[in-house]
């Protein structure tokens, strides 16, 4: 919004890895109603636990295991070990599952970057983040020259519990679809292409729901996940076809490099507001 000098309200798709949310949970997959000085959280990706916190970011096999537990439960998850997760030790998985069950050093998080990490592990692409976004970057690269018109996995938008408000994007069907493909012997390039098509489809559906609720027809895409060229291409085309005015980063980085500009933009807007 700052880069394009937008005023008034805009639908914002804020898709990143991990960041502190206003409710004390870890955010990173938000659909917002945003103005220069404020925002309302309309919806978000479903949360999963990150066993070990930052350790789960560095070692995404932990995150993949958490997603698998959410999708199948502990007993079935042990029978559905695929990709790089199959290389982990049963002792470690028991420890991580215990951390999640007890809520000890296992914060709940909804970042899209963590979903990318998990799918990268399950598809057999990457098991580590030795640099920022490694698993997601390698998953994007795995799609190679696969056409954009891949069949998306199932997903769902559901109302959140009354206490949390808003609505959530249920990622369990996505994880189950990825696991089924890997078990069927699908190559990583096909799985990656389908996953990217899925993310674009679910964010498109989320933007349309936000438009229905707000009557806003412009949408800004920001956050580190939009450094992914394949995702931006798929989503921008789909949103424009739906009649949205789409704002993308051109000169400012979508990730951490653009945060300071956004902070200054918000501060300037709040300082210019008349006293209450």
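Only the coordinates and a few stated rules stand behind these numbers; no lab work does. The structure displayed is predicted, hence computed values, not measured ones. Neighbour counts are summed over all protein chains in view; Cβ atoms, including those assigned to glycine, are modelled from backbone coordinates with ideal geometry.
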Neighbour-count ranking [beta-carbon atoms within 10 angstrom, fewest first] of 1, 15: 1, 15
Prolate/oblate/rounded label for the range 197-272 (Cα gyration tensor, a/c 1.5): oblate
Cα gyration tensor category, rounded, prolate or oblate, for the range 29-169 with a/c compared to 1.5: oblate
Rounded to 10°, Cα long-axis angle of helix 229-241 versus longest principal axis of the chain: 50 degrees
For the range 1-95, average projected area of the Cα convex hull in nm²: 7.8 nm²
Cα centroid of the range 229-252 to Cα centroid of the range 89-123, whole Å: 31 Å
Computed [θ] at 222 nm, helices only, for the chain once each DSSP H run of length n ≥ 4 contributes -39500 (n - 2.57): -14000 deg cm²/dmol
On Cα atoms only, tilt of 259-271 relative to the major axis of the chain in degrees: 40 degrees
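Using only alpha carbon pairs under 8 Å that are at least six residues apart, calculate the relative contact order of the chain and give it in whole percent.
23 percent
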Computed lengthening from residue 270 to residue 159, 0.36 nm per intervening residue step minus Cα-Cα distance: 36.8 nm
